[in-house]
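The values are calculated or read from the model by the stated rules, or taken from the named source; none is laboratory data. All of these numbers come straight from a predicted model, not from anything done at the bench. Every residue, glycine as well, gets a Cβ built from its backbone with ideal geometry; the counts of neighbours run over all protein chains shown. The area values use the complete protein model at the heavy-atom level, side chains included, leaving out ligands, DNA and RNA. Shrake-Rupley method; radii C 1.70, N 1.55, O 1.52, S 1.80 Å.
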Amino acid sequence: MAPAVSPTPPPVPRAGYRHLLRTPGAWTFLLPGFAARQPFAMLTLSIVLLLRHTTGSYGVAGAVAAVTGVAMALFAPQSGKLADRYGQRAVLVPGVLSHAAAAALLTVLALAHAPLWALIAAAVPTGASVPQIGPMVRARWAAVLGSGAPDGSGPRPGRHPLLATAAAFESVTDELTFVIGPVLATGLSTGVHPASGLIAEAALTLVGGLLFAAQRRTAPPPAPGRADPGERHASALSVPGVRVLAVVFLGIGSVFGGMQVALTAFTQEHDRPGLNGVLYGVFAAGNMLAGAACGAITWRTSPQRRLLASYAALALVCSTLWAAPTPLPLGGLGLLAGLCIAPALITGYTLVETLVPATSRTEAFTWLTGSVALGQAAAVTAAGQLADGFGASAAFTVPLIGTASALLTVVSLRGRLAPRADTTATGRGQRVPDAHSGASRWADTS
C-alpha cells in the first residue's frame, strides 16, 4: 500500500498593497467607504469655519465643534456594537439619513445667528449620527481575508499576512481623507460660502454611506445566532488592552483637534487664511506617507515598542509647534508631526485585532475612533479658548499636552497591551502564539 502523501499547503499570500487590493470584493467597499468617511476629516473644521464667520469667536466655534466630537465619541462604540450584532447596513442607513438632516439643521441655525444653546442642541445629533465607516471597513477587511469565524469559534490557523497590510492601508486611506477633507472644507468655506463646507460634508456622507451600505456581500455576518449570549453582549472595553489604547488614542485626537484650531488662528494672524487648508493638508500628507511606508516594512520590533517610540517622537515634535514664526517652518513641523502619527495609529489598530475576537471587532475599532474624536473635541475647545485669549502660539500647546499625557500612559501601562496565553476576552477561546509571526491569535478551546 502506497504511503499517504501529505497535501501541499496553500501558498502564503504576500503582504503587499498590490496583493491586498486584488482581494475579491475589496473595491466594492473601498470606493464608497472613502467618500463616506469624510465627516471625520471635514466636520469639525467646517463647523469652526462656519461659526467663526457667523459669531466672530473661536471659543464659540470650538465649543460647538467639541460638542459634536463628544457626541460622536459617546455614540460611536454603541454604533459599532449594534453593527456587530445586527449588521452594518441596519446601522448605516438610518445613521447617514439622520446625519444629513442634523447637519442641515445646524447649518440653518448658524446662518440664522441662533443662540449658543440652539447650536449645541443641533451639534449633539450631528456628532452622534456620524457613520463609523473606518471601523466598518476594517471589519470588512478582516472578514474577506478570513481571519477567523465571525462568532470567534473554530480553529484559526494563524493571522492572515495581509491583515497588517490592510491596517496600514486603512491608515493611509484615513490620512488621505485628512489631506483632501480640510483642503476641500477650507476652499469651499472661504471661496464659495461659509456654509458650503458643512453642506458638502453632509452630501458626501449621505451618498457614500448609502452606497457603502448597499455592498452586502463583503459585510461581516451579524453576531446573533452565531455566538453564545454571553459573548455577544460582552463589551470590547472589558479587555484591558482596549481600555489602554482608548486612553492613548486621546492623544492622537488632541493633535488633530489642536492643529485644526491653531492653524486657523495662525493663518488669520498672518493674514493668510487661504493657507489653513494647505498647512493642514501638509500635516495630513506626512501622516499618509508614513502610513504607506509602515505597510511596506516588515517589522522586527514588537508593536508595544513601536507604539512607545511613535508617541515619544510625536510628543517631541509637538513641543516645537508653538515656536514656529512663519507658515513655512510650521509646515515642516506639521509634516514631521504627521509622520509620527501614522505608526501610532496603525500599531494601535493592529493590536486590537490581536486583543479581541471577531464578535467585538467593530466595537473595539469604534472605541479607538471614538477616543480620537473625544480627544479632538477636548482639543478644539481648549485650543479655541487659548487662541481667543492668547493667540495661536498658545493653542499649539494643546497637542503637546495631549501627546505627552498619552506617552506617559503608554510607558506606564504598556504591559497590558501584550496578549497572554491565558487571557480570555469577549469571545470564546484563548490566545496562543502564532508560530509564523510571533504574534498571538485566537484559537478555539471549547
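Among the criteria (1) under 29 Å from Y58 (Cα atoms); (2) open to solvent by 40 Å² or more (accessible area, probe 1.4 Å), the one V261 does not fulfil is (2). Looking across the range 54-78 at every residue that is among the hydroxyl-bearing types (S, T, Y) and modelled with pLDDT of 85 or more, the one that is nearest to I133 (Cα to Cα) is identified as T68. Within the range 135-183, the residues that satisfy the criterion of being over 26 Å from L275 (Cβ atoms), open to solvent by less than 10 Å² (accessible area, probe 1.4 Å), modelled with pLDDT of 75 or more and not hydrophobic (A, V, I, L, M, F, W, C) are P135, R140, T165, E170. For the range 238-252, state whether one or more residues are touching a Pro at 6+ places or on another chain (Cβ under 7 Å) and either within 30 Å of P325 (Cβ to Cβ) or modelled with pLDDT under 90 (or both). No: zero hits. Checking each residue in the range 261-278 for being in a helix (DSSP H, G or I) and touching a Ser or Thr at 6+ places or on another chain (Cβ under 6 Å) picks out L275, N276, G277. Within the range 314-328, the set of residues being open to solvent by 40 Å² or more (accessible area, probe 1.4 Å), without any contact (Cβ under 8 Å) to a residue 40 or more places away in the chain and touching a helix residue (DSSP H, G or I) at 6+ places or on another chain (Cβ under 9 Å) comprises L316, T320. The one condition from (1) open to solvent by 10 Å² or more (accessible area, probe 1.4 Å); (2) under 29 Å from A142 (Cα atoms) that T366 does not meet is (1). Of all residues in the range 76-99, those satisfying the criterion of being surrounded by fewer than 22 Cβ atoms within 10 Å (Cβ to Cβ) and at negative phi are Q78, L82, R85, Y86, R89, A90, V93, P94, L97, S98.
Taken over the range 100-119, residues that are of a type in the set (V, I, T) and either in a loop (DSSP other than H, G, I, E, B) or surrounded by fewer than 17 Cβ atoms within 10 Å (Cβ to Cβ) (or both) amount to 1.
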